[in-house]
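Undergrad: The structure follows.
What follows draws every value from the coordinates through simple rules; no lab data is involved. Keep in mind that this is a model prediction, so the values were computed, not measured. Glycine also receives a Cβ, built like all others from the backbone with ideal geometry; neighbour counts cover every protein chain displayed.
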Amino acid sequence: MRIGAENPEPRRAAGVSPYDHKVIASGQSLLCFGCDSDEARLLRQTGLLRLEVLRGRSRCRGPLTKTARGADVPGAGAPPADRPGGALATLLLIDHSETHRAQLRAAIEPAELFGDIVEASDGLAGLRVVLDKSVDVVLCRLELAGLDGSKLLPILREQPGISAAPVVFLTSQDDAERRARMLDAGASDVLTLPAHFGELVARLRIHLRLKRLQDDLRVKNETLGRLSTVDALTGLRTRRYVDDVLSIEFLRARRYASPLTILMGDIDHFKQVNDDYGHLAGDAALRGVASILLHDLRNTDVAGRYGGEEILVVLAQNEISGARVLAERWRAAVEEARFADPAGQMLGVTLSIGVASLDAEMASPESLVGAADAALYRAKSSGRNRVELAGPV
């Protein structure tokens, strides 16, 4: 079966109704449009198609699961697992001709690739659809009034929700150079009308399958990215990540003479907690301490597990006086909190924190970390459960 390439508007201009009967045949497939032709009566008698008159024209309704020779339509009757996207996939169909949209819908629906087929009569209407809902594949007529396919494509590629969706174009012009330009511009496929419906469905199936694979790959990459930068136990950033952030903020603070302060926190007597309560209880305490910190941080602050029970916090654009307030609030909240081990037993811990701010004598991020670490050591040696400052106050 082929999807007709005729534009109904030129036929109307010639004084011929666009709804005059049309039987399109190719290979094993037949698709009939019309009211009462001999071909339509033959198809009705054989039971292959059910035609009904709507607004003076006939439209094929219901699943067309057999071709004229009785061969199964690709995808029809296949189990849901064999149809990429299943009932969740959405197709956006853009064509200025209602007749062509009906033909395309009748050809695509039996394959059951899409749970929803949304129609648009022009490029602007199609753009409104993608801004309003999620679309998996776009099937668009290249020749459209106003915002045609070549102008619509770059706009679609800039929309975050559909930038990765396949965009397949149908064109009535057999122009190889134009097809090549569209493919170079980002089109997923360009088919010349009249198009064989089996080929069209097969191409849509391939593009939908590729999109699903790309979506799965993107999710897995995002997961791997999070795993590589987030500590699995505490939810804090990894040491490598926080080191990179500190290096960048150090250079920025130096260049623009902006404040930069860091905190170095360490749970007091953490080895004793592990010995007395077990390592799982120690893990619960470490998670709790990290959770209290994360609750108070700004979006621009970065906290990372620096090693064992040590936590480094990078506070860009923050004077040491403000950082001291945050450190004291964090310390006091940890002292008051109680954490449950896997057996439900409650335990408490305390926290010592060193605070350091960038000054002119510091030549590297390591110098700043060293100053915070020295302040932390003084907090430990001064009785623990306290905040000590280093650098200018």
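Undergrad: If every alpha-carbon in the range 149-298 counts as one equal scatterer, what log10 I(q)/I(0) does Debye give at q = 0.15, 0.16, 0.17 1/Å?
TA: Values returned for q = 0.15, 0.16, 0.17 Å⁻¹ are -0.92, -0.99, -1.06.
Undergrad: Taking a ≥ b ≥ c as the square roots of the Cα gyration tensor eigenvalues, with a/c under 1.5 meaning rounded and otherwise prolate when a/b beats b/c, else oblate, which class fits the range 322-393?
TA: prolate
Undergrad: For the range 379-388, in order, what is each residue's ³J(HN,Hα) by Karplus, 6.51 cos²θ - 1.76 cosθ + 1.60 with θ = phi - 60°, in whole Hz (x at glycine and Pro)?
TA: 5, 5, 6, 9, x, 6, 6, 7, 10, 10
Undergrad: What is the sum of charges around Lys380, taking Lys and Arg as +1, Asp and Glu as -1, for the other residues whose C-beta is under 11 Å from the C-beta of Lys380?
TA: -1
Undergrad: Follow-up question, since we're still on this one. Please identify the GluC sites (Glu not before Pro) of the range 303-393 that satisfy two criteria: DSSP loop assignment and at most 10 other Cβ atoms within 10 Å. Which are they?
TA: Glu361
Undergrad: Okay, next question. ³J(HN,Hα) across the range 341-346 via Karplus (A = 6.51, B = -1.76, C = 1.60, θ = phi - 60°), whole Hz, x for Gly/Pro?
TA: Per-residue couplings from phi come out as 7, x, 8, x, 6, 8 Hz.
Undergrad: What number comes out for the charge environment of Thr223, summing +1 per Lys or Arg and -1 per Asp or Glu over other residues with Cβ under 14 Å away?
TA: My count for the surroundings of Thr223 gives 0.
Undergrad: According to a simple spin-label model (label point 7 Å from Cα along Cα-to-Cβ), what is the distance in nm between Ala202 and Glu98?
TA: 3.4
Undergrad: A further question follows. Around Asp243, under 10 Å between beta carbons, what's the net of Lys plus Arg minus Asp minus Glu among the other residues?
TA: My count for the surroundings of Asp243 gives +1.
Undergrad: In whole Hz and in residue order, list the ³J(HN,Hα) couplings for the range 274-279 that follow from phi through the Karplus curve 6.51 cos²θ - 1.76 cosθ + 1.60, θ = phi - 60°; x for Gly and Pro.
TA: 5, 5, 7, 10, x, 5
Undergrad: Moving to a separate point now. Check each of the trypsin sites (Lys or Arg not before Pro) in the range 234-304 and keep only those in coil by DSSP with at most 14 other C-beta atoms within 10 angstrom; list them in order.
TA: Arg298
Undergrad: Please give the direction-averaged projected area of the C-alpha convex hull for the range 239-390, in square nanometres with one decimal.
TA: One quarter of the hull surface, i.e. the mean projection, equals 8.6 nm².
Undergrad: Right, another one. Principal axes first, then extents: for the Cα atoms of the range 81-233, list largest minus smallest coordinate on each axis, whole Å, largest first.
TA: That works out to 59, 32, 29 Å along the principal axes.
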